[in-house]
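Following: one structure in structure tokens, then a few remarks.
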Amino acid sequence: MGFNDELKILVDEVASRVDQWTAQPAWTWEPGSPASAETANTEVRQDATRWGDRPVRTAYQYAQMAAKLAVEMSRCAALLIGAGHMAPGIEAETRAALEAGSVAWWLLQENLSARQRVCRMQLLRRNSAREYAKSIKEVGEDQAVAGKERVAGIEADCRALGLAAFTQQGKRTGGPDPPRVHGTGERHDRRTGLPGRLQHLLLGGAR
């Protein structure tokens, strides 16, 4: 068995292991778990009604889909590895898997409040909407095909949830300047809790 064959088997095995986490039973929260506490949040919307559990559950579902995408992209990469394909195919699939995995990792970070987790999801949605709009424009389609996944629609969702507005052309969130992290010189985003440099890595221009 050659190196490519062994590497393909390894990537497939890891992908299959992670795929177990994307099944629905794995997302049934136990009473007393941190996720259950988040769904029982006391956040209120702009109209003074309670959030309820839907925004938080949507953030977790976003992470679930990202994890599934990472699995499928990894499996695609494994097929190319096994077939002995050269760049750029393997690199493209690997990068797609890593990017999807980074989204899942970021959304599932421990010790976040319900508001922080939902803010992270909204930042990701907004960044995706900007890229989606560029793609639609390039192929000459009407921007209406994006439906609600447009920047304006996502910002409306944020306002409805009572979240701070995006400022500086959407490249930074509102509110006072976030505090510096002692010893690193980095700033944490006040809404997401993510260091600025890492947020830039994961969100591109939506910093």
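Key figures
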item	result
Footprinting exposure proxy for Leu161, Leu80 (fewest neighbouring C-beta atoms within 10 Å first)	Leu161, Leu80
Viscosity 1.306 mPa s, 10 °C: Kirkwood-radius Stokes-Einstein D of region 99-153 over Cα pairs, µm²/s	127 µm²/s
J(HN,Hα) series, region 128-143, from Karplus relation 6.51 cos²θ - 1.76 cosθ + 1.60, nearest Hz, glycine and proline x	5, 5, 5, 5, 4, 4, 4, 5, 4, 5, 4, 8, x, 8, 6, 4
Overall form of region 1-112 per C-alpha gyration tensor (a/c, 1.5; a/b vs b/c)	prolate
Local electrostatic count at Gly101 - Lys and Arg +1, Asp and Glu -1, tallied over other residues with Cβ under 12 Å	0
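Each reported figure results from applying straightforward, stated rules to the coordinates on display, with no laboratory input. Here the structure is a predicted model, which means the values were calculated and not measured. As a convention, Cβ positions derive from the backbone with ideal geometry for all residues, glycine included, and neighbour counts pool all protein chains shown.
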